[in-house]
1. So what is the relative contact order for the range 1-119, in percent, with contacts set as C-alpha pairs under 8 Å and at least six apart?
2. For the chain, what is the relative contact order in percent, using Cα pairs closer than 8 Å and at least 6 residues apart in sequence?
3. Using only Cα atoms, tell me the angle between helix 118-144 and the longest principal axis of the chain; keep it within 0 to 90° and round to the nearest 10.
4. For a test of the definition: using alpha carbon positions, the gyration tensor, and the 1.5 limit on a/c, classify the range 146-217 as rounded, prolate or oblate.
5. Counting only C-alpha contacts under 8 Å and six or more residues apart, can you give the relative contact order of the range 146-217 as a whole percent?
6. Full-extension gain between residue 37 and residue 88, please, as 0.36 nm times their residue separation minus the C-alpha to C-alpha distance.
7. Listing 216, 1 from the residue with the fewest other Cβ atoms within 10 Å to the one with the most, what is the order?
8. To the nearest 10 degrees, how steeply does helix 107-116 sit against the main Cα axis of the chain, on a 0 to 90 scale?
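What follows draws every value from the coordinates through simple rules; no lab data is involved. Just so it is clear, the model here is predicted, and its values are computed rather than measured. Cβ coordinates were reconstructed from backbone atoms using ideal geometry, including for glycine residues, and neighbour counts include every protein chain displayed.
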């Protein structure tokens, strides 16, 4: 997939021809930088984003500043569903987890298109259902599964949204995403490395054995992937 092509986003590629002809002149290409906050909790959102190569984490931030990731959005989705669901704001924060390309659409446009076209409405609502499934399963995973299982799930979900087996993420950032102590991430990352599943060095994680990683993960990864596959259009071949 070419990240400079908006059709590399799964939802944009699924738009009917008539809708696509209206949308494409209005899509603005943007480069999203690592750690960039694209919307804040409780603030009105001015745009939605359709990532093509970037990954955006949706984080819940507590009053004392602690945070935990509740979902990940990549080329399969859209960031900013509160706009077309009628809420305007969200209790989560959108932070770029992996730098890359996205396409931006103004808030008024997505709201008009959502109300104008049944095809757009149905597509966006199916995506919203898939995202809610990911949020719900993440809550279950964080409550009932080990840090090792959570880390494996997180690596797999991130990999599904990248075109390479390489991730650039420090253990401190991963611990913030998972809402666990850094020592727990370090211990389990080292274990996965000793098992030959990953190679980790200075913020660079390379997945060496994906099937092995899937065997180590809890059922949460498979449950969410199955729901995304069921609800969303198939990924176009690259």
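1. Across the range 1-119, relative contact order equals 37 percent.
2. 22 percent
3. Rounded to the nearest ten degrees, it is 20.
4. Rounded.
5. Over the range 146-217, the number comes to 41 percent.
6. 16.7 nm
7. Ordered by Cβ neighbours within 10 Å, fewest first: 1, 216.
8. Roughly 70 degrees, rounded to the nearest 10.
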